[in-house]
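Colleague: Have a look at this one before I ask anything.
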Amino acid sequence: MGAQDPARLKAAFEEALRADRALIAGIAAYRADTYVREMRDPSAVWEEGESRLLDYGGSGPAVMFVPSLINRAYILDLMEGGSMLRWLAGQGVHPYLLDWGWPGEVERGFSLTDYIAGRLERALAAVPGPVVLAGYCMGGLLALAAALRQPKKVSALALLATPWDFHAADPGVAQRVGEALPAMEAVMRFSNTLPIDALNALFTMVDPHGVGAKYRDFAGQQKNSARARRFVAMEDWLADGVPLAAPVAREALGGWYGANTPARGHWRVAGLAVDPARLEMPVFCAIPERDRLVPAVSARPLAALVKHAKVIEPRAGHIGMIAGTYAQTALWQPFADWLQGLCSSTAKDHTQKENSHE
C-alpha cells in the first residue's frame with residue numbers, strides 16, 4: 001500500500017496541473033473574445049429616478065418582468081436569438097421589463113419597502129389592465145411581495161429561480177454570508193452601497209467551485225459554437241453588475257441569509273408580512289435542477305406554500321434556464337403555454353358569466 005502512495009501522489013499532481021491549465025486556458029479564451037452586445041433597448045413607457053419600464057411590444061397578456069436589484073435587467077434580453085422577452089413578444093405575449101438601473105443618490109437610501117411598495121408598484125400602475133408579474137431570482141421575492149399588496153392589479157404571478165428558505169441547502173454558508181455584513185459596513189459607509197466586488201465575493205462563498213468549473217468547461221468548447229457565444233454573453237453580463245443600496249444589503253444579507261426571515265415568516269414589507277399562503281392567484285414556479293446560487297431545496301418550500309401553483313423543474317442552471325442554449329425548451333415555451341392556459345381559462349369564465357345572464 002505504501003509503495004503505491006508516490007504513484008497516487010503523482011497522478012493527483014498531474015490531474016491538478018491539467019485542471020489548472022484548463023482554467024487558465026478558459027480564462028484566456030474569454031478575455032480574448034471580441035463579442036460585444038449589440039441589442040438596443042425598446043422604448044420606455046415609464047421612468048422614475050434611475051429606473052425605467054421597457055415595452056417589448058406584442059399582443060396578448062401584459063407580463064411585467066422584475067429582475068434582481070444586483071444584476072442588470074438585460075439577462076432577459078441578452079442577445080440575438082437569446083432573448084426571452086423578444087421571443088415571448090412573438091408568441092402572443094406583451095412583455096415589459098423593469099430596469100432598476102444604477103442606484104443614484106436617491107436610490108442609495110432605499111429599503112426593500114421603498115423599492116417594492118414604492119417604485120415597483122408605481123411601475124406596475126403604468127401598465128394598463130391586469131398584469132402578470134414575473135420575478136427572476138431576487139426579483140421573484142420583490143414580485144411576490146408586490147402581488148400580495150396589489151391583488152386587484154396582479155392577475156397571476158411567476159417565480160423564476162426564486163429563493164425562499166435560505167438555510168435549506170447549507171445553513172452554515174447562509175449564516176456566514178449574514179455574519180460578513182458587519183465587515184462590510186465600512187465599505188458601505190463610503191458610498192451608501194455594497195459594491196459589486198464585495199457582492200461577488202459573497203456569492204463566491206455560496207458557490208466556491210463554480211467559477212473554476214465553468215471556465216474549465218469553456219476551455220474545451222468550440223469557440224464559434226452557439227453554446228460558447230452564450231457563455232461569453234452571460235459572463236459579460238455577470239461582470240456588468242450593479243451595487244446594492246446599503247439598506248437593502250442589510251435587509252437581504254442580514255435578514256434573508258442570516259436570519260432566514262422569509263421562511264420563518266418574519267419578512268415584512270411596509271408592515272405587511274410576506275406570506276405566500278395568502279395568494280389566491282395562479283402562480284408559475286420554475287425551479288432549475290442545476291441551480292447552485294438558488295438550490296432547488298431553497299425554492300421548493302415557496303412553491304409548496306402557494307395554493308394554485310404550476311411547478312416545473314427544468315434540467316438547467318440559474319442563468320441557463322433564462323438565457324442558455326436550451327432556454328426555449330427549458331423555460332420559455334412552458335411559460336408561454338402556462339400564459340396561454342390562463343387566457344383560455346379567463347375567456348371560458350367570461351363566456352360562462354355572459355351565458356348566466358342570458
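Colleague: In Å, what is the Rg of the alpha-carbon atoms in the range 45-134, and how long is Dmax?
Modeller: Just the Cα atoms of the range 45-134 yield Rg and Dmax of 13.1, 39 Å.
Colleague: Using only Cα atoms, tell me the angle between helix 196-206 and the longest principal axis of the chain; keep it within 0 to 90° and round to the nearest 10.
Modeller: Helix 196-206 sits roughly 80 degrees off the main axis of the chain.
Colleague: Right, another one. What dipole magnitude, in Debye to the nearest 20, does the range 180-339 give about its Cα centre under +1 on Lys/Arg Cβ and -1 on Asp/Glu Cβ?
Modeller: 240 debye
Colleague: Which angle from 0 to 90°, rounded to the nearest 10, does the C-alpha axis of helix 333-356 make with the longest principal axis of the chain?
Modeller: So the helix axis and the longest Cα principal axis differ by about 10 degrees.
Colleague: Lys/Arg Cβ at +1, Asp/Glu Cβ at -1, dipole of the chain taken about the Cα centre: which of 215, 196, 19 is farthest positive-ward?
Modeller: The residue sitting most towards the positive pole is 19.
Colleague: Please check: in the Gaussian network model of the chain (C-alpha springs, under 10 Å), which one of 136, 30, 96 has the largest mean-square fluctuation.
Modeller: Evaluated over the chain, the most mobile residue of the options is 30.
Colleague: Taking only pairs that are 8 or more places apart or on different chains, how many Lys pairs in the chain have Cα atoms under 30 angstrom apart?
Modeller: 14
Colleague: Find which of 243, 164, 97 sits farthest along the positive direction of the dipole of the chain, computed with +1 on the beta-carbon of Lys and Arg, -1 on that of Asp and Glu, about the Cα centre.
Modeller: The residue sitting most towards the positive pole is 164.
Colleague: Still on this structure, I have one more. Nothing charged except the Cβ atoms of Lys and Arg (+1) and of Asp and Glu (-1): what's the magnitude of the dipole of the range 109-193 about its Cα centre? Round to the nearest 20 debye.
Modeller: Numbers: 7 positive and 6 negative charges, 84 e Å.
In debye, rounded to 20, the range 109-193 gives about 400.
Colleague: Let me ask something else about it. Hey, got the dipole for the chain? About the Cα centre, +1 on K and R Cβ, -1 on D and E Cβ, debye to the nearest 20?
Modeller: Working: 36 positive and 38 negative charges, 100 e Å.
Dipole of the chain, to the nearest 20 debye: 480 debye.
Colleague: Where Rh is the Kirkwood radius over the Cα pairs of the range 184-287, the temperature 20 °C and the viscosity 1.002 mPa s, what D in µm²/s does Stokes-Einstein return?
Modeller: Details: Rh = 17.0 Å.
So the translational diffusion coefficient is about 126 µm²/s.
Colleague: In degrees between 0 and 90, to the nearest 10, how far off the longest principal axis of the chain does helix 210-219 point, with axes built from Cα atoms?
Modeller: The two axes meet at around 80 degrees.
Colleague: Another question, if that's okay. Can you list, largest first and rounded to whole Å, the semi-axes you get for the range 78-129 by taking the square root of 5 times each eigenvalue of its Cα gyration tensor? Mind showing how you got there, number by number?
Modeller: Values: eigenvalues 149, 49, 9 Å².
So the equivalent ellipsoid measures 27, 16, 7 Å along its semi-axes.
Colleague: On to the next question. Taking a temperature of 4 °C and a viscosity of 1.567 mPa s, what whole-number D in µm²/s does Stokes-Einstein yield for the chain with Rh from Kirkwood over alpha carbon pairs?
Modeller: Values: Rh = 21.6 Å.
Answer from the Stokes-Einstein relation: 60 µm²/s.
Colleague: Over what distance in Å are the Cα centres of the range 83-109 and the range 1-75 separated?
Modeller: 19 Å
Colleague: Run the helix sum for the chain: -39,500 (n - 2.57) per DSSP H stretch of 4+ residues, divided by residue count, reported at 222 nm to the nearest 500 deg cm²/dmol. Intermediate values should be presented prior to the final figure.
Modeller: On the way: 14 runs with 152 residues, N = 358.
Taking each H run of at least 4 residues, the total per residue is -13000 deg cm²/dmol.
No value in this document is a laboratory result; all are computed from the given coordinates. Computed from a predicted model, the values in this text were never measured in an experiment. Cβ coordinates were reconstructed from backbone atoms using ideal geometry, including for glycine residues, and neighbour counts include every protein chain displayed.
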